[in-house]
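Step one of this worksheet: look at the structure below.
Just so it is clear, none of the values below were taken in a lab; they were calculated from the coordinates. Source: prediction; values computed, not measured. Methodologically, a virtual Cβ is constructed for each residue, glycine included, from the backbone with ideal geometry; neighbour enumeration extends over all protein chains shown.
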């Protein structure tokens, strides 16, 4: 009979211990979530930014949501699309950042860029609005109807000249 009560007490103590541990873990997760919310004090849904030069729209950036960071100059974007008017290129990505002071944006998620005759795929891009230059140090693939070029690292200047820097592999189709 004593063994029976000892087993019951031991089981009750173990259940209490596991319930307490679970409560502490869930409470610490909730505290971490609250601290991240404090960092994002304000946000905008359905953001559209137009970059104009001499009255002409150079590019347009749309984002489903824009979260302002602590310093209020950098905006974290989600579900973004950038349309470059001159080349007709549309760039899509899940996340990115936009600097309100320099008007530059950085995308560090998978990127699909499509234009009339080609498609570009990479995992990050840094665009300087003042010069019109873009660059990436990541793997990049440029595909057209009659060609495919792969490599690591790319620079794009304001005249739309593209240079792939390393490990270049080109395939041309008939």
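General observations
- Contact order, relative form, for segment 123-174: 30 percent (alpha carbon pairs under 8 Å, 6 or more residues apart, mean separation divided by residue count).
- One chain, two ends: residue 43 and residue 166. Fully extended at 0.36 nm per residue, the span grows by 40.4 nm beyond their Cα-Cα distance.
- Gain in span if fully extended, residue 99 to residue 50, counting 0.36 nm per residue against the direct Cα distance: 16.3 nm
- Stretchable slack from residue 83 to residue 157, in nm (0.36 nm times residue separation minus alpha-carbon distance): 25.0 nm
- Each label point was placed 7 Å from the Cα along the Cα-to-Cβ direction; for residue 123 and residue 109 their separation is 1.5 nm.
- The value of relative contact order for segment 55-104, using C-alpha pairs under 8 Å at least six residues apart, is 33 percent.
- Prolate is the label for segment 43-172, because a/c, from the alpha-carbon gyration tensor with a ≥ b ≥ c as root eigenvalues, is 1.5 or above and a/b exceeds b/c.
- Cα gyration tensor shape for segment 51-112, rounded if a/c is under 1.5, else prolate or oblate: oblate
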